[in-house]
Amino acid sequence: MSLKAKIQEAMKTAMKSKDKATLGTLKQLKAKIQLAETAQGKDAVLTTEEELKLLMKEAKQRKESAETYQSSGREDLAEIELAELKVIESYLPQQMSEEEIVAGVKELIAEVGATSPKDMGKVMGAAGKKFAGVADMKVVSAKVKEALM
């Protein structure tokens with residue numbers, strides 16, 4: 001079952017339970033998926049990888065918005081963003097722990113043969129493929145930087 005179909009089913013459930021917050025977030029996600037499909041062509045369907053990438057982008061936006069609102073003292077708006085983030089994260093694969101990321105980064109550095117901070121681009125290119133959808137790339141980048149210092 002595609003992510004779009006899962007979201008459609010969850011929308012029906014949210015409508016029945018009158019959960020307006022969840023329904024609103026799900027509608028936004030469905031609209032983003034449809035927009036991405038339309039951009040590819042009339043009968044295009046996103047792959048699972050493309051859907052996950054889109055969801056990761058949406059989750060990242062919610063996280064950043066919540067941080068901005070919190071730093072501005074707008075806890076009310078931050079709570080809305082965090083609630084939406086929680087809904088989005090329920091459709092993402094289980095995220096890697098920091099320890100798993102560190103271990104994966106060490107493996108990647110060995111595979112790529114990186115020895116200095118100059119090799120960060122090579123490592124991050126491989127990391128983008130390895131950690132796509134399962135890790136926050138900001139954290140991965142920080143761990144790569146630490147390991148190469």
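Structure data summary
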| quantity | calculated |
| --- | --- |
| Nearest-0.05 FRET efficiency for residue 32 and residue 74, computed from C-beta distance (R0 30 Å) | 0.80 |
| Sequence-separation-based contact order of segment 98-148, relative, with Cα cut under 8 Å and 6+ spacing, percent | 48 percent |
| Of (1) 18.0, 56; (2) 30.8, 103; (3) 14.6, 41, the label for Rg and Dmax of the Cα atoms in Å derived from the coordinates | (1) |
| 77, 46 arranged by Cβ crowding within 10 Å, fewest neighbours leading | 77, 46 |
| Eligible lysines near residue 138 by straight Cα distance, threshold 24 Å, same-chain separation 8 or greater | 32, 53, 57, 60, 63, 86, 106, 118, 122, 129, 130 |
| Modelled FRET efficiency - R0 41 Å, residue 17 with residue 115, Cβ distances, 0.05 increments | 0.15 |
| Environment charge of residue 45, counting only residues whose C-beta is closer than 13 Å and scoring Lys/Arg +1, Asp/Glu -1 | -3 |
| Surrounding net charge for residue 58, when Lys and Arg each add one and Asp and Glu each subtract one, Cβ distance under 9 Å | +3 |
| Cα-centre dipole for segment 88-149 with unit charges at Cβ (Lys and Arg positive, Asp and Glu negative), debye to 20 | 300 debye |
| Sequence-distant aspartates and glutamates (8 or more away, or on other chains) whose Cα lies within less than 17 Å of residue 143 | 98, 99, 100, 107, 111, 119 |
| Relative contact order of the chain, defined on C-alpha pairs under 8 angstrom at six or more residues apart (%) | 19 percent |
| Percentage relative contact order, segment 3-89, counting C-alpha pairs under 8 Å, at least six apart | 27 percent |
| Shape category assigned to segment 81-149 from the gyration tensor of Cα positions, a/c cut at 1.5 | prolate |
| Sum of side-chain charges, residue 23 neighbourhood, beta-carbon under 13 Å (Lys, Arg +1; Asp, Glu -1) | +3 |
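Any read-out appearing in this document is the output of simple, stated calculations on the displayed coordinates, not a laboratory observation. A quick note: this is a predicted structure, and the numbers were derived from the prediction, not measured. Note: ideal-geometry Cβ built from the backbone for every residue, glycine included; neighbour counts use all protein chains shown.
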